[in-house]
Amino acid sequence: MAKPTPRPTPTEQPFYDACARGELVLQHCQNCGHVLFYPRTHCDACQSDQLAWKTASGAGTIASYTVVRRGVSADFEAPYIIALIDLAEGPRMMSQIIDSDSEALAVGLSVKVGFAAWSEDITLPVFRLHPALDAEDA
Ligand SMILES: [Zn+2]
């Protein structure tokens, strides 16, 4: 089984284009200010189609995570960490936490976005622990 690869729709393409240049972008509703993820044609708070892409801070906190110890196929090298990240701008994003010992993870810890090639055409956001952000809060 080959590794499943996103095939961006025209609505999603700006998100993937930004990832490819190392930038995390989110849609902001020009009508109500809501910040959206995943990419949509209309605001999921007020249904406006007046959405604008803006660069996100890349900062977030771990809302939940799991350590996958057995990959779903040989294309997924286990163990790896799948996490729900609460982005500083509001939306929750499912992603991967890399370069971290699973023992060091905890709900509420700060993370910062990075980018990793998923395939020839697709780059995806990934996250790393960012202790300096936790220190700022303390
Ligand atoms: Zn809205």
Just a yes or no: is a residue in the stretch 34-44 of a type in the set (A, V, I, L, M, F, W, C), farther than 23 Å from Glu136 by Cβ, within 16 Å of the ligand (Cβ to nearest atom) and not in a strand (DSSP E or B)? yes
Could you pull out the residue among Ala52, Ala74 that is assigned to a strand (DSSP E or B), at negative phi and exposed (fewer than 12 other Cβ atoms within 10 Å of the Cβ)? Ala52
Going by the structure shown, is Gly60 within 19 Å of Arg128 (Cβ to Cβ) and assigned to a loop (DSSP other than H, G, I, E, B)? no
Could you look through the stretch 117-138, keep only residues that are among the acidic types (Asp, Glu), touching a residue at least 12 places away in the same chain (Cβ under 8 Å) and touching a strand residue (DSSP E or B) at 6+ places or on another chain (Cβ under 9 Å), and pick out the one that is surrounded by the fewest Cβ atoms within 10 Å (Cβ to Cβ)? Asp137
Of Arg69, Arg40, the only residue that is assigned by TED's automatic domain parsing to the domain that holds Leu129 and either buried (at least 19 other Cβ atoms within 10 Å of the Cβ) or more than 19 Å from Asp134 (Cβ to Cβ) (or both) is Arg69
Going by the structure shown, is Ala78 more than 16 Å from the ligand (Cβ to nearest atom), closer than 22 Å to Pro4 by Cα and at pLDDT below 95? yes
Looking only at residues that are in contact (Cβ under 8 Å) with a residue 24 or more places away in the chain and exposed (fewer than 13 other Cβ atoms within 10 Å of the Cβ) in the stretch 93-108, which one is farthest from the chain's Cα centre (by Cα)? Ala104
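Suppose the filter is under 26 Å from Asp121 (Cβ atoms) and within 16 Å of the ligand (Cβ to nearest atom); does Arg7 pass it?
Answer is no for this residue.
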Quick test of your reading of the structure: Gln30 fulfils all but one of (1) away from the ligand (no atom under 16 Å from the Cβ); (2) at pLDDT 95 or above. Name the failing condition by number. (1)
Would you confirm whether or not the stretch 9-30 contains a residue that is in a loop (DSSP other than H, G, I, E, B), touching a residue at least 40 places away in the same chain (Cβ under 8 Å), surrounded by 13 or more Cβ atoms within 10 Å (Cβ to Cβ) and in contact with an Asp or Glu (Cβ under 8 Å, 6 or more places away or on another chain)? no
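The values are calculated or read from the model by the stated rules, or taken from the named source; none is laboratory data. Given the structure is predicted, the values throughout are model-derived calculations rather than measurements. Reconstructed Cβ throughout: ideal geometry from the backbone, glycine too, with neighbour counts over all protein chains shown.
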